[in-house]
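The structure appears below as structure tokens.
The values are calculated or read from the model by the stated rules, or taken from the named source; none is laboratory data. Only a predicted model underlies this, so the values are computations on that prediction, with no experimental measurement involved. We place every Cβ from the backbone using ideal geometry, glycine too, and count neighbours over all the protein chains shown. Accessible surface areas use protein heavy atoms only, side chains included; no ligands, DNA or RNA. Shrake-Rupley method; radii C 1.70, N 1.55, O 1.52, S 1.80 Å.
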Amino acid sequence: LDREEVASRLKQHPDRQFLWIKRRLTNDEAEQLLALDLSSVGWGLREELRRIYPHHKLAAHVLGWRNIDGLAQAGLEMSIDQFLQGIDGRRTLVRDARGFVIDMQDEILETPQHGETVTLTLDVDVQQVAEDQLDRLLNEWRPRSASVVVLDPIRGEVLASASRAAFDPSLPADAPPEAWTNPII
């Protein structure tokens, strides 16, 4: 990071008790910062939760994604967010005159509640074959877009649903603009 840029950002917000400098550091970056031992100047690292999409692009249009702050942006992530979210808990914090937290009471006012577990009818193997076939079709015929839905003919369950262009929900910033819409829906 540019030293002058960081200093400028800190000077622009002298009244703030917290200011992001950089988020989602690599392990190497975090280790380098910790090695500097800058604790005397009031900085620190904060762990953040991050949604992981283990199958990357697979079923991306169906699943959707969450932004860096964990807010649902598309797909099932957004449409069933109220079930996935859960409820935050509450505790009493004791702050000093400057607003800094100096103690956390042991008593829990409200216990946090986990969100619901959602199970899809998508079959990862069928989904993979469907997406591989879409990619093959795109390479061979070069259509502007392509979509496929695979249903269980007896129960009507959706076993696969895919569209192209695709994106990786773990890396939404790398997605091409045409990947954001799901023509099936």
Quiz item: Which number in (1) open to solvent by 80 Å² or more (accessible area, probe 1.4 Å); (2) assigned to a loop (DSSP other than H, G, I, E, B) marks the one condition that Asp125 misses?
Solution: (2)
Exercise. Output the residues belonging to segment 11-58 that are surrounded by 10 or more Cβ atoms within 10 Å (Cβ to Cβ), touching an Asp or Glu at 6+ places or on another chain (Cβ under 9 Å) and either assigned to a helix (DSSP H, G or I) or at positive phi (or both).
Key: His56
Practice problem: Scan segment 84-105 and report the pairs whose first residue is within 26 Å of Glu116 (Cα to Cα) and whose second residue is among the hydroxyl-bearing types (Ser, Thr, Tyr), with Cβ atoms within less than 7 Å and a gap of 6+ or a chain change. | Solution: Gly89/Thr111
Quiz item: Can you name the residue in segment 105-119 that is part of a strand (DSSP E or B) and open to solvent by less than 100 Å² (accessible area, probe 1.4 Å) and, of all such residues, is farthest from Tyr53 (Cα to Cα)?
Solution: Gln105
Quiz item: Regarding Leu138, is this residue in a helix (DSSP H, G or I), within 21 Å of Leu76 (Cβ to Cβ) and among the aliphatic types (A, V, I, L, M)?
Solution: no
Quiz item: Can you name the residue in segment 140-165 that is free of Cβ contacts under 8 Å to residues at least 24 places away in the same chain and among the hydrophobic types (A, V, I, L, M, F, W, C) and is also most open to solvent (accessible area, probe 1.4 Å) among such residues?
Solution: Trp141
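Only one residue in Asp168, Asp69 is loosely packed, with under 11 Cβ neighbours inside 10 Å, under 25 Å from Trp20 (Cβ atoms) and among the charged types (D, E, K, R), so which one is that?
Asp69
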Quiz prompt | In segment 82-100, the residues that are within 28 Å of Arg16 (Cα to Cα), open to solvent by less than 80 Å² (accessible area, probe 1.4 Å) and among the aliphatic types (A, V, I, L, M) | solution = Leu93, Val94
Exercise. Return the total of residues in segment 110-139 being under 24 Å from Phe83 (Cβ atoms) and not β-branched (Val, Ile, Thr).
Key: 10
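Have a look at Val6, Val62 and point out the one that is among the β-branched types (Val, Ile, Thr) and either open to solvent by 60 Å² or more (accessible area, probe 1.4 Å) or farther than 30 Å from Gln133 by Cα (or both).
Result of the check over Val6, Val62: Val6.
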